Amino acid sequence: MLLLAASAAGSVSPAARLGARARAAAPAMRRLVRRAAATETSVSEGTSGPTDVKTILECKKDMSDIVSLCKRRGFVYPSSEIYSGFAGFFDYGPLGVELRNNIKRAWWEDMVQRRDDVVGLDSSIIASPRIWEASGHVAGFSDPMVDCKESKQRFRADQLFFAKVADGAGAHAGYVSLLEGADMEAAAAKAAGALLKKLKRDGPAQLSPLRDFTEADPSEYALVPSPATGEPGTLTAPRDFNLMFQTSVGAMTDGSSVAYLRPETAQGIFTNFKNVVSSTRVKVPFGIAQIGKAFRNEITPRNFIFRSREFEQMELEYFIKPTDVEEEWRAQHAAWVETRLAWHIGIGIDPALLSIEQHKPDKLAHYARACSDIMFKFPFGVSELEGCAHRGGYDLTQHASASGKSAEYTDEETKAKYVPHVIEPSVGVDRCFLAVLCSAYAEDVVNGEARTLLRFHPRVAPIKVGVFPLVKNNEQIMESARELHKRLQRRHNVAFDAAGNIGRRYRRMDEAGTPFCVTVDFQTLEDGTVTLRDRDSTAQRRVSPDELVAFVADACE
Ligand code: ATP
């Protein structure tokens with residue numbers, strides 16, 4: 001994060017500076033200066049900078065705080081709110097759409113435009129259903145689902161955890177259940193204590209290790225309490241539920257018209273592999289990247305935009321020459337995990353909240369050679385932000401045999417023919433948005449006053465600069481501020497704010513996560529310079545408009 005160095009000169013308020021200059025100024029200027037000094041007193045925020053800086057976890061914010069902050073500030077609204085909402089769907093507001101676009105732009109620039117070995121693609125959302133048969137999604141893209149017959153609620157069986165409870169004497173007392181979340185051991189222990197109390201049995205409660213409902217013995221289905229009612233006997237056995245949304249294409253709505261909204265963007269890349277090879281000059285190793293909407297009829301959309309039914313993915317398929325030398329393919333996979341981790345840190349995600357989880361061999365898909373998830377510590381617990389899988393040659397081979405069209409690549413130099421293997425880093429825009437937002441959230445104290453701010457990296461910040469005329473009633477200042485605003489607007493999303501005192505305007509920008517504010521004041525009329533203020537340090541310094549434009553462009557890179 002770029003910070004402006006606080007300097008003694010930079011921390012003097014323009015009003016005070018104006019006072020010093022006024023002694024040498026012409027009488028008309030002196031009158032203006034006196035008026036400004038009388039109306040404006042809060043430009044400087046002190047020399048010490050913010051204190052008591054706290055991150056989102058230190059502030060103990062939970063998801064409901066994030067949801068309400070997003071709504072209040074125009075980042076994310078629940079979909080169809082005026083019709084009582086529509087679970088699993090969200091609308092992005094004015095700040096949200098900017099943040100989202102900036103995240104996507106950063107990914108596209110870094111993964112496609114600034115690399116010589118990756119090209120882009122935009123495939124259709126609805127495509128031949130044969131794609132999803134070949135990829136295995138029609139038969140196997142499902143989650144285990146369990147219903148509560150009493151409450152009519154539905155849960156993902158692999159997210160419904162339970163444990164056996166025994167009393168202090170070791171006698172069986174029953175079961176407790178809970179949904180996946182943060183600190184489940186503690187929550188289960190609390191529920192077990194409550195169960196013993198209800199049964200008037202002595203503690204301390206003893207718990208078996210937590211298992212998810214897919215691991216339950218059929219004899220236990222009726223014994224585990226429903227998380228909805230707290231009572232046993234209402235949960236069904238788990239059964240598979242396909243996550244693909246169906247639609248029909250054409251005038252007929254019979255079996256032949258069935259099509260699917262894509263549940264991932266990757267298959268469009270595989271089916272276009274040969275097109276890209278024959279229409280461009282790519283040579284293995286190379287990647288094809290795509291950003292686009294994906295749809296999954298999630299059984300339990302949860303945790304706000306973390307798990308929704310309509311979301312956007314940024315996926316890259318990186319095609320490599322197959323090798324059985326384990327060291328080689330592991331190194332290729334590890335290099336991509338490193339690249340992706342560095343990218344997340346580069347756009348402002350807090351490295352202290354990131355970790356890597358390697359899938360154990362028994363949890364890997366049958367065709368996958370390796371898979372590492374980049375995990376983020378969300379307020380509800382540590383969960384997958386991005387998956388990075390080595391998928392072998394599975395996808396291209398599946399499509400080749402289902403379509404009858406070869407997926408072989410010919411090495412121009414050696415004339416060797418092979419079906420490339422692929423490494424797939426895949427991240428959801430919405431999960432990335434949430435991680436960026438959680439990393440940016442902070443509370444601190446400036447001049448004895450509590451402040452809430454979003455410390456977005458300038459590259460992804462929805463608004464890059466707030467332009468303030470110091471006073472509204474001076475046409476020259478207003479004109480000069482408007483001119484600067486227009487100039488910055490050519491390249492960036494910029495805000496113009498002339499309402500209220502400068503301190504309040506700074507706070508509004510801090511809350512929106514705007515990294516820089518510039519104030520056009522009386523000194524601007526004399527020497528053309530403006531006050532540039534940094535959001536995080538609150539340091540101020542004077543810069544010329546040219547310096548400002550170059551500085552902002554550089555900071556947003
Ligand atoms: P999960 O296990 O959390 O359901 P997944 O392993 O099924 O995720 P992938 O199919 O690998 O996810 O999809 C790649 C990425 O797409 C995920 O890492 C995530 O960032 C994003 N993603 C997947 N499902 C959703 C969803 N329902 N809502 C938002 N983002 C999603």
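The values are calculated or read from the model by the stated rules, or taken from the named source; none is laboratory data. The structure presented is a predicted model; accordingly, all values stated were derived computationally and were not measured. FYI the Cβ positions are ideal-geometry reconstructions off the backbone, even for glycines, and counts take in every protein chain you see. For accessibility, only protein heavy atoms count, side chains too; no ligands or nucleic acids. Shrake-Rupley method; radii C 1.70, N 1.55, O 1.52, S 1.80 Å.
General observations
- Calculated from the alpha-carbon coordinates, the stretch 468-557 shows an Rg and a Dmax of 12.1, 36 Å respectively.
- Accessible area of the chain divided out per residue, in Å², using a probe of 1.4 angstrom: 46 Å²
- Cα centre as origin, Lys/Arg/Asp/Glu Cβ charges: the stretch 390-498 dipole, Debye: 260 debye
- Across the protein chains, with a 1.4 Å probe defining accessible surface, the residues 61, 363 rank 363, 61 from largest area downward.
- Charge dipole (the chain, unit charges on Cβ, about Cα centre) - positive-most of 387, 278, 494: 494
- Residue order for 547, 109, 298 - accessible surface, 1.4 angstrom probe, largest first: 547, 109, 298
- With R₀ set to 25 Å, the beta-carbon distance separating residue 360 from residue 184 gives a calculated FRET efficiency near 0.80.
- Projecting the Cα atoms of 466, 452, 423 onto the charge dipole of the stretch 411-469 (Cβ charges, centred on the Cα centre) puts 466 farthest toward the positive pole.
- Taking the charge dipole of the stretch 158-317 about its Cα centre, with +1 at Lys and Arg Cβ atoms and -1 at Asp and Glu Cβ atoms, the residue from 259, 181, 287 reaching farthest to the positive side is 287.
- Summarising the label geometry, the points placed 7 Å from Cα in the beta-carbon direction at residue 283 and residue 544 lie 4.8 nm from one another.
- For peptides 518-525, 414-421, 93-100, 210-217, sequence by mean Cβ density within 10 Å, most packed first: 518-525, 93-100, 210-217, 414-421
- Separation in nanometres of the label points that stand 7 Å from Cα toward Cβ, at residue 57 and residue 327: 3.7 nm
- Separation of the stretch 163-194 and the stretch 398-426, taken as the distance between their Cα centroids, equals 51 angstrom.
- Residues residue 472 and residue 198, FRET efficiency given R0 of 60 Å [Cβ-Cβ distance, rounded to 0.05]: 0.40
- Helix-only mean residue ellipticity at 222 nm for the chain, each DSSP H run of n ≥ 4 adding -39500 (n - 2.57), per residue, nearest 500: -9500 deg cm²/dmol
- With the simple model of a label 7 Å out from the Cα in the direction of the Cβ, residue 498 to residue 214 spans 6.1 nm.
- Note on residue 109 and residue 508: the extension gain reaches 140.7 nm, defined as 0.36 nm multiplied by sequence separation minus the Cα-Cα distance.
- Three-way shape call for the stretch 214-343 based on the alpha-carbon gyration tensor, with the a/c threshold at 1.5: oblate
- The charge dipole of the stretch 313-461, taken about its Cα centre with unit charges on the Cβ atoms of Lys, Arg (+1), Asp and Glu (-1) only, comes to about 180 debye.
- Of the solvent-accessible surface of the stretch 48-198, computed with a 1.4 Å probe over protein heavy atoms with every protein chain present, carbon and sulfur atoms account for 52 percent.
- Altogether, the Stokes-Einstein calculation at 37 °C and 0.692 mPa s, with the Kirkwood radius of the chain over Cα pairs as Rh, returns a diffusion coefficient of 121 µm²/s.
- Given charges at beta-carbon only (K, R positive; D, E negative), |dipole| of the chain in Debye: 2020 debye
- Sequence-distant contacts, meaning Cα pairs under 8 Å at least 6 residues apart, place the relative contact order of the chain at 17 percent.
- For the pair residue 240 and residue 91, the difference between a 0.36 nm per residue extended length and the Cα-Cα distance amounts to 50.7 nm.
- Local charge for residue 363 was computed over the other residues whose Cβ lies under 11 Å away, with Lys and Arg +1 and Asp and Glu -1, and equals -2.
- Taking 0.36 nm per residue of separation and subtracting the Cα-Cα distance, full extension of the segment from residue 489 to residue 222 would add 89.8 nm.
- Apportionment of accessible area to carbon and sulfur, the stretch 394-443, percent (1.4 Å): 48 percent
- Relative contact order for the stretch 473-546, counting Cα pairs under 8 Å that sit 6 or more residues apart, in percent: 23 percent
- Per-pair calculated FRET efficiency, R0 = 30 Å: residue 252 and residue 412 via Cβ, rounded to 0.05: 0.05
- Share antiparallel - DSSP beta bridges, the chain, percent rounded to 5: 85 percent
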